[in-house]
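Sharing a structure below in structure tokens format, with a few things to ask.
The values are calculated or read from the model by the stated rules, or taken from the named source; none is laboratory data. Because the structure is predicted, anything quoted here is derived from the model rather than measured. Cβ placement follows ideal geometry from the backbone for every residue including glycine, while neighbour counts extend to all protein chains displayed.
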């Protein structure tokens with residue numbers, strides 16, 4: 001009986017030690033200084049581009065060898081839109097477009113990740129903009145892990161895709177005298193993210 005109890009106790013403490021030594025999920029936080037969130041939309045016969053200056057996000061990596069277990073969340077401040085024209089930016093923040101006062105954030109939270117090979121993935125999740133939430137799938141390229149000169153570990157991600165603004169209730173437009181509409185419905189998005197691994201306890 002004593003021998004059995006000793007064996008059970010030893011097994012318990014061994015399991016406890018293994019759990020304590022097992023690495024937990026890695027958390028990478030978006031570094032906004034080295035990241036960019038951009039967009040482009042048709043305007044009459046050209047295209048207008050812009051960016052969002054304020055955004056944040058995280059990527060949680062339980063196992064680097066199993067990307068499908070990772071998860072990501074990302075938030076953009078709608079009022080931080082910048083198209084290099086103050087009057088236009090004010091209009092974009094208004095109820096005609098983003099209505100940034102009522103809907104201050106644009107958000108994405110992943111629900112599924114599928115590896116497509118060669119560092120490319122399809123990331124599905126819930127995307128919320130202008131108070132409307134829809135499920136979307138985005139093509140994401142993983143740019144790898146690396147250490148910076150200060151010893152911080154970084155991971156990079158890039159994506160390009162399109163969204164239809166009317167799907168999210170952003171429908172303002174203007175009919176041109178010669179026919180046709182001033183603005184397109186499809187918005188091209190380009191996002192490049194450099195993330196930094198969070199230190200334990202942070």
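Please report, ordered by residue number, the strands (runs of 3 or more DSSP E) entirely within the stretch 98-150 with at least 3 residues that are exposed (fewer than 15 other Cβ atoms within 10 Å of the Cβ) and either in contact with a helix residue (DSSP H, G or I) (Cβ under 9 Å, 6 or more places away or on another chain) or in contact (Cβ under 8 Å) with a residue 24 or more places away in the chain (or both).
105-117, 132-147
Of (1) free of Cβ contacts under 8 Å to residues at least 60 places away in the same chain; (2) crowded, with 17+ Cβ neighbours inside 10 Å; (3) under 20 Å from residue 158 (Cα atoms), residue 73 satisfies all except one. Which?
So residue 73 meets the others, but not (2).
Take the conditions closer than 29 Å to residue 42 by Cα, in contact with a helix residue (DSSP H, G or I) (Cβ under 7 Å, 6 or more places away or on another chain) and surrounded by fewer than 15 Cβ atoms within 10 Å (Cβ to Cβ) and apply them to residue 171. Does it pass?
no
I need the full set of residues from the stretch 177-197 which are more than 23 Å from residue 103 (Cβ to Cβ) and either surrounded by 15 or more Cβ atoms within 10 Å (Cβ to Cβ) or modelled with pLDDT under 95 (or both), in order please.
Residues satisfying the conditions are 177, 178, 179, 180, 192, 194, 195, 196, 197.
Would you pick out the residues in the stretch 160-202 that are assigned to a strand (DSSP E or B) and farther than 24 Å from residue 127 by Cα?
175, 181, 197, listed by residue number.
Let's see how each residue does on (1) in contact with a strand residue (DSSP E or B) (Cβ under 8 Å, 6 or more places away or on another chain); (2) farther than 22 Å from residue 187 by Cα:
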site	(1), (2)
70	yes, yes
80	yes, no
83	yes, no
91	no, no
98	yes, no
101	no, no
112	yes, yes
126	yes, no
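Inside the stretch 5-68, counting only strands (runs of 3 or more DSSP E) that do not spill past its ends, which hold 2 or more residues that are at pLDDT 95 or above and exposed (fewer than 13 other Cβ atoms within 10 Å of the Cβ)?
Answer list for the stretch 5-68: 46-52.
For the list (1) under 28 Å from residue 33 (Cβ atoms); (2) in contact (Cβ under 8 Å) with a residue 24 or more places away in the chain; (3) assigned to a loop (DSSP other than H, G, I, E, B), I need the number of the one condition that residue 157 fails.
That leaves (3) as the condition not met.
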